[in-house]
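One structure is given below, encoded as structure tokens.
The values are calculated or read from the model by the stated rules, or taken from the named source; none is laboratory data. Owing to the predicted nature of the structure, the values given are computational and were not obtained by experimental measurement. Reconstructed Cβ throughout: ideal geometry from the backbone, glycine too, with neighbour counts over all protein chains shown. Quick note on the areas: whole protein, heavy atoms, side chains included, nothing else; ligands and nucleic acids left out. Shrake-Rupley method; radii C 1.70, N 1.55, O 1.52, S 1.80 Å.
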Amino acid sequence: MKRILLLILLLSLVAYACGAGSAANPEDPGAANQPTTQPTSNPPTDTPTPLPPTPARAPTDTPTVTPTPTDAPTPEPQVSLEQVYRFQGRLLPQTTGSQISEGNFVAEGGPVYTVAFSPDGALFVMGGRGDPDDDFDEQAGRLYDTVFLFDLTTGIQLWQLNPAKQGSKVIFDLVFHPTEPYLFGAYQDRSVLNWDLENGERENIFQDHRGSANAVAISPDGTLLAAAIADTVRLWSGVRGWAYGRPNPTLTLTLLDEESRAPFYDLAFSPDGTMLAAGTDTYIVFWNPVNGQELKVLNTGGIEIAFSPDGKYLAAASVSSLAIWDLENDTQMSVISLAANSLDYSPDGEMLALTDGADIILWDIAGNRELTRTSAHTDPIHVIRFSHDGQYLATGSEDTTAIVWKIIK
């Protein structure tokens, strides 16, 4: 029995040894007919497995477009107006240029029709119509058509610039000379005045019998002065500054079509000085200001006009809308359904400042939309102007005040 058990144990050991040797032998007679790539066995569960890279997305039926700078959405611009000064012209007992006002008379001004910033931004001027009941006072001088000059650093009224003669009535427009200390004004009584801001002396440059002087403009280089008087535009050229002895106009410009003539309400030189535009309520005429040649006529109202800073476009306000014109091919770029009394381009050409009753509107030209709307006047605004550096805006209103605003971006 022991022999049988030993024999069985011996046979088991032999069988086990043969099986282990067969499992350790990698050679398989049928391996030549099998694929060379073997499936990878799963790693042990206690070994961390790195995540596979994210596969690229397969194309879909709708292609994905990468936005370009022009396609990318434009962020909402943040533009607002902050009131800096509110001016109201007063006749005060002070030196007024070459005259001295004596006594204690103080009178309020009337509606403001025109405002302007000096080129260096140091001075601000306003003018318009005074109260007819305060037309004249022997002690204080004139109020009915007085121009008030302010220091923008302090807000103090510096001078009151009176017209050269009694009865000059309303002042419609004021403009500073671009390089010299001169100020020019257009009056309802058909006169064009010039003040020397170093001493306050004034001169009546011209007076026409045809009608009201509605606007004045200076060429960018300061060599030409233009005034819109009735249905004519008068031009003066300055060789030795503006010390005139009532000079005759260098040129008198009118629309060639005599049957269609209408009063001109506004004037503007192009930024390069090669064109002078004048607007009526039904058309705008363009001339060469050097030789007086009529260049073209736009059949659109232009009671207020302004060239863009690059000279390529003209904004024109009519009685019911405001249009921006491409001057290269004389086509309308956009129309704003708004009866604006006044308008002005920002110096960078990105915005238009418009009036809508007592409201101020800043208009985004590229987006053709309203950026902001502000009001601090109680009555309609007659005039709106940017400062030369584009940091400030001024408005003049029927409520007898002018406001200087800081533009916040």
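For Thr300, what accessible area in Å² do you get when you roll a 1.4 Å probe over the heavy atoms of the protein chains, rounding to the nearest 10?
It works out to around 20 Å².
Apply the a/c threshold of 1.5 to the C-alpha gyration tensor of the range 211-318 and tell me whether it is rounded, prolate or oblate.
Here the range 211-318 falls in the oblate category.
Provide the solvent-accessible area of Ile360, counting protein heavy atoms only and rolling a 1.4 Å probe, rounded to the nearest 10 Å².
0 Å²
Ignoring everything but the protein chains, give the 1.4 Å probe accessible area of Phe148 in square angstrom, nearest 10.
10 Å²
Suppose every Lys and Arg Cβ carries +1 and every Asp and Glu Cβ carries -1, with no other charges. What dipole size does the range 172-293 come out with about its Cα centre, to the nearest 20 debye?
Taking the Cα centre of the range 172-293 as origin, the dipole is about 240 debye.
Which length gain, in nm to one decimal place, applies between Asp326 and Arg210 when the Cα-Cα distance is subtracted from 0.36 nm times their residue separation?
Full extension from Asp326 to Arg210 adds 38.4 nm.
Tell me the net charge near Leu354. Cut-off is 13 Å between Cβ atoms, Leu354 excluded, with +1 for each Lys or Arg and -1 for each Asp or Glu.
Local net charge: -3.
Give me the one-decimal nm value for the distance between modelled label points at Asp151 and Glu180, 7 Å along each residue's Cα-to-Cβ direction.
2.6 nm
Per 0.36 nm of contour for each residue apart, how much would the distance between Thr223 and Glu201 grow if the chain were fully extended, relative to their Cα-Cα spacing?
5.9 nm
Say R0 is 51 Å: what FRET efficiency, to the nearest 0.05, do Glu258 and Asp120 get from their beta-carbon distance?
0.75
Quick one: if you stick a label point 7 Å off each Cα along the C-beta vector at Arg369 and Ser334, how many nm between them?
1.0 nm
Applying a 10 Å radius around every beta-carbon, put 338-344, 154-160 in order of their mean neighbour count, most first.
Answer by packing, highest mean first, reads 338-344, 154-160.
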